[in-house]
1. Being in contact with a helix residue (DSSP H, G or I) (Cβ under 7 Å, 6 or more places away or on another chain), farther than 23 Å from Ala148 by Cβ and either part of a helix (DSSP H, G or I) or free of Cβ contacts under 8 Å to residues at least 60 places away in the same chain (or both) is true for just one of Asn189, Asn233. Which residue is that?
2. Search segment 79-97 for residues that are under 12 Å from Ala216 (Cα atoms) and pair each with any residue that is of a type in the set (Ser, Thr, Tyr) and assigned to a loop (DSSP other than H, G, I, E, B) when their beta-carbon atoms are under 8 Å apart and the residues are at least 6 apart or on different chains.
3. I need the full set of residues from segment 58-107 which are more than 17 Å from the chain's Cα centre (by Cα), among the β-branched types (Val, Ile, Thr) and surrounded by 15 or more Cβ atoms within 10 Å (Cβ to Cβ), in order please.
4. Using the structure shown, decide if Leu134 is of a type in the set (A, V, I, L, M) and out of contact with any helix residue (DSSP H, G or I) (no Cβ under 8 Å at 6 or more places or on another chain).
5. If I filter segment 108-166 down to residues being at pLDDT below 95 and closer than 22 Å to Val73 by Cα, which single residue comes out as nearest to the chain's Cα centre (by Cα)?
6. Out of (1) without any contact (Cβ under 8 Å) to a residue 12 or more places away in the chain; (2) polar (S, T, N, Q); (3) buried (at least 24 other Cβ atoms within 10 Å of the Cβ), what's the single condition that is false for Thr195?
7. Mind checking which residues of segment 211-235 are surrounded by fewer than 24 Cβ atoms within 10 Å (Cβ to Cβ) and of a type in the set (Ser, Thr, Tyr)?
8. Considering segment 250-264 alone, what residues qualify as being surrounded by 21 or more Cβ atoms within 10 Å (Cβ to Cβ) and in a helix (DSSP H, G or I)?
Amino acid sequence: MSAPVAPGRRLAGIIRRHPVASFLAWSFPVGQAIAFQPVLGHAWYDVDLPTAPFVVAANLLGLLLPAVVITRVVEGRAGVRALWRRAVRVRVPLRWYGLALVVVPVATTAVAVALLGPPEGTGRVLASALVSGLLVQVLLGFLTTNWAEEVAWTGFLQTRLQDRRGPVRAALITGPLFALQHAPLAAGNGWLGGTVVLLFVTATAIPFRFLQGWVANRTGSLLVVGLVHAAGNATTDGSGFGGPGLLPRLYLDDGVGPVHLVASAALGLVVLAATRGGLGGRPRAPRVGAEPVLAGRP
């Protein structure tokens with residue numbers, strides 16, 4: 001008669017067989033329970049809580065932590081070290097930093113100009129907006145939110161899906177899940193408005209995941225992926241800390257709306273077409289404990 005399996009070993013076995021499902025089973029209950037606190041505080045107690053600290057906590061405890069823990073269970077210390085190397089990889093060609101800090105803001109600004117016309121303002125206003133609204137907000141957003149997000153969404157989830165299903169299918173699956181993470185932010189618009197916002201976020205999130213998958217495949221750097229994410233946010237919403245982003249400082253009388261989502265989606269579609277669906281995928285070394293897989297192929 002075989003000895004009974006300890007609950008801890010049984011759970012570890014389930015996680016090893018189903019790492020993606022295990023990540024989602026941790027991420028959404030924990031992350032959303034934290035992120036929804038400002039919404040619930042306003043609805044139930046008429047208390048206005050700041051959103052940004054809860055978003056940071058949700059990303060750390062509901063995204064980054066399960067990504068690291070499940071990687072440790074599935075791939076051991078070597079897997080965690082490999083994830084960490086990708087998360088902090090700085091040495092990539094400068095053009096990739098140009099993509100994040102120049103191309104993404106310029107594309108977003110172009111969308112705003114096309115919709116709202118050129119902003120009115122002096123060169124001093126523009127210089128202040130570039131420093132305080134773009135560079136400072138990129139740094140704050142990256143450090144507090146977007147780096148952790150992309151280590152989890154791109155480095156853990158989308159990469160694993162790509163190994164099994166190819167880069168395009170991985171983005172198609174990751175996009176709606178990534179969008180659903182933002183449900184607490186959409187909920188402030190009421191049920192109908194929140195649903196419309198969430199559908200719009202989902203529609204733009206899928207091509208955005210094309211862009212992020214391509215950057216990760218070509219650079220191997222989740223740090224750069226996080227910067228691309230942070231730069232898009234910094235052009236409009238900002239980081240939630242230290243004031244608004246770039247465009248709200250230039251269009252003082254007009255709400256610029258989610259033009260960064262449109263711009264990032266457009267860039268993702270351009271990448272999809274330019275790479276013919278390959279998204280920069282190429283043969284990659286197998287993860288610890290994984291079967292050899294060619295990235296970019298199902």
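1. Asn189
2. Listed pairs, sorted by first residue: Arg86/Ser221; Arg89/Ser221; Val92/Ser221; Trp96/Ser221.
3. Val69, Ile70, Thr71, Val73, Val74, Val80, Val92, Val103 - these are the residues of segment 58-107 that are more than 17 Å from the chain's Cα centre (by Cα), among the β-branched types (Val, Ile, Thr) and surrounded by 15 or more Cβ atoms within 10 Å (Cβ to Cβ).
4. Judged against the criteria, Leu134 is not a match.
5. Checking each candidate, the answer is Asp163.
6. Going through (1) without any contact (Cβ under 8 Å) to a residue 12 or more places away in the chain; (2) polar (S, T, N, Q); (3) buried (at least 24 other Cβ atoms within 10 Å of the Cβ) one by one, Thr195 breaks only (3).
7. Scanning segment 211-235 gives Thr219, Ser221.
8. Answer for segment 250-264, where residues must be surrounded by 21 or more Cβ atoms within 10 Å (Cβ to Cβ) and in a helix (DSSP H, G or I): Leu250, Val259, His260, Leu261, Ala263, Ser264.
The values are calculated or read from the model by the stated rules, or taken from the named source; none is laboratory data. Just so we're clear, the structure is a prediction, and the values are computed from it rather than from any experiment. FYI the Cβ positions are ideal-geometry reconstructions off the backbone, even for glycines, and counts take in every protein chain you see.
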